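Working notes, structure below.
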Amino acid sequence: MEVDIFNKTGNKIATMKGRYVGLKENYIIKQSDEKEIFLQFEDVPEVRPKKTYRKVTNAITIIIDGKEVIQVGNTIIATDERIKKFDIDNNNIADSVKIKQLLGTRRAIIIYSQSGSLIAAYGGKYISYKVYLGKTSQFDVDGLCLFIHRANYILI
């Protein structure tokens with residue numbers, strides 16, 4: 001698997017590789033600021049302790065072969081390197097339909113940075129997806145895994 005990290009304008013700022021790649025949310029434990037007051041039978045108020053709850057942070061942990069990298073705010077694309085990839089560097093094409101045609105595949109995922117720059121495109125015969133974490137989508141491309149975190153994409 002290969003993990004590429006892009007800034008908001010679409011410039012690649014890091015690449016990491018490993019056999020096993022996973023993503024997980026980070027959260028903090030907080031207590032509410034309000035105390036809950038309940039009335040008992042004899043109108044004597046009972047004050048219960050503050051409630052504790054989990055709050056998801058903007059940080060995401062990337063796990064590569066058991067080693068963790070924590071990042072915030074960037075676009076992450078983690079992909080099995082066997083998925084057919086469109087060569088963005090040698091083509092100056094912005095039309096998603098044209099990219100799909102050049103990939104020569106039945107389906108395509110065209111990925112854009114947070115500011116709208118084309119950063120990657122992948123193709124396959126069968127593509128399904130689900131929302132994996134808050135801002136992350138997990139794709140199955142012909143039986144191979146692709147994660148996209150914090151990016152715009154078109155599935156055509």
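The values are calculated or read from the model by the stated rules, or taken from the named source; none is laboratory data. Every value quoted in this text rests on a predicted model; they were computed, and no experiment measured them. Methodologically, a virtual Cβ is constructed for each residue, glycine included, from the backbone with ideal geometry; neighbour enumeration extends over all protein chains shown.
Here are some notes:
- Qualifying residue in the stretch 58-65 (condition: exposed (fewer than 13 other Cβ atoms within 10 Å of the Cβ), of a type in the set (S, T, N, Q) and modelled with pLDDT under 65): no
- In a residue-by-residue description of the stretch 123-130, the property of being touching a residue at least 60 places away in the same chain (Cβ under 8 Å), buried (at least 17 other Cβ atoms within 10 Å of the Cβ) and touching a strand residue (DSSP E or B) at 6+ places or on another chain (Cβ under 7 Å) applies to no position.
- Residue tally, condition in contact with a strand residue (DSSP E or B) (Cβ under 8 Å, 6 or more places away or on another chain) and either surrounded by fewer than 19 Cβ atoms within 10 Å (Cβ to Cβ) or touching a residue at least 60 places away in the same chain (Cβ under 8 Å) (or both), over the stretch 106-122: 9
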